[in-house]
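Every number in this text was worked out from the coordinates using simple rules, so none of it is lab data. Just so it is clear, the model here is predicted, and its values are computed rather than measured. Using ideal geometry, Cβ is built from the backbone for each residue, glycine included, and neighbour counts are taken over all protein chains shown.
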Amino acid sequence: MYSRHTEIPTLDTRPGWQVEARYYNQAALALRRLGPEIRLPLPILKHLDLILQPDAWVVVDRVLNDMPVVAWTAFRAAHRHNLHRPVACELRLYHSMATMVTNRALACMADRLTVALAQEDQRIPRGQVIAFRSRSSA
């Protein structure tokens with residue numbers, strides 16, 4: 001599991017950050033179905049990858065030996081009752097231009113996870129509906 005985001009000092013930390021529910025829900029579903037750690041290349045951000053883990057989402061720079069750029073951590077989703085409400089978290093910035101990456105990374109994550117989850121759905125065998133026997137008219 002990737003852990004450099006906990007070892008490297010941050011430039012800025014924003015504790016009151018909100019992640020839109022659609023992003024959080026999709027990432028949580030993908031982590032349940034596809035594995036405990038998912039690494040997604042971000043094609044619109046040429047040399048950046050997004051690493052999804054249950055406790056953190058980290059954008060890393062492949063060229064700089066997976067140096068973290070931005071990380072979403074400390075999700076406050078325990079005992080969550082509203083699936084449509086944003087999830088509070090902590091945003092950690094490791095690069096001076098990290099804020100320019102956040103929205104693009106989340107949008108790209110949503111696109112990539114939609115494709116990955118659709119491919120996973122095709123691999124799952126579908127059940128069959130069995131017709132009830134007709135009742136006798138006795």
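Starting from the 7 Å offset along Cα-to-Cβ, what nm value, one decimal, do you get for the label separation of residue 103 and residue 128?
Label-label distance for residue 103 and residue 128, simple model: 5.1 nm.
Enumerate the amide H contacts of residue 74 below 5 Å, restricted to partners 5 or more residues apart or on another chain; note that Pro and chain-start residues carry no placed amide H.
Excluding prolines and chain starts, which carry no amide H, the hits are 90.
Evaluate the relative contact order of the chain (contact order divided by residue number), counting alpha-carbon pairs under 8 angstrom at least 6 apart; express in whole percent.
Reported as a whole number, the value is 27 percent.
Along Cα→Cβ, 7 Å out, is where each label goes; now give me the distance between the ones at residue 120 and residue 78 in nm to one decimal.
Distance between label points: 2.4 nm.
Please give the helix 99-123 orientation as an angle from the longest Cα principal axis of the chain, in degrees from 0 to 90, rounded to the nearest 10.
Roughly 30 degrees, rounded to the nearest 10.
In degrees from 0 to 90, rounded to the nearest 10, what is the angle of the helix 21-34 Cα long axis to the longest principal axis of the chain?
Its long axis makes an angle of about 70 degrees.
Hey, can you rank 66-77, 42-53 by average C-beta count inside 10 Å, highest first?
So the order, starting with the most tightly packed, is 66-77, 42-53.
Among 47, 129, 63, whose Cα projects farthest towards the positive end of the dipole of the chain, with charges put on the beta-carbon of Lys, Arg (+1) and Asp, Glu (-1)?
Positive-most Cα among the choices belongs to 129.
Taking just the alpha-carbon atoms of the chain, what radius of gyration and Dmax come out, in angstrom?
Radius of gyration, then largest Cα-Cα span, for the chain: 19.5, 81 Å.
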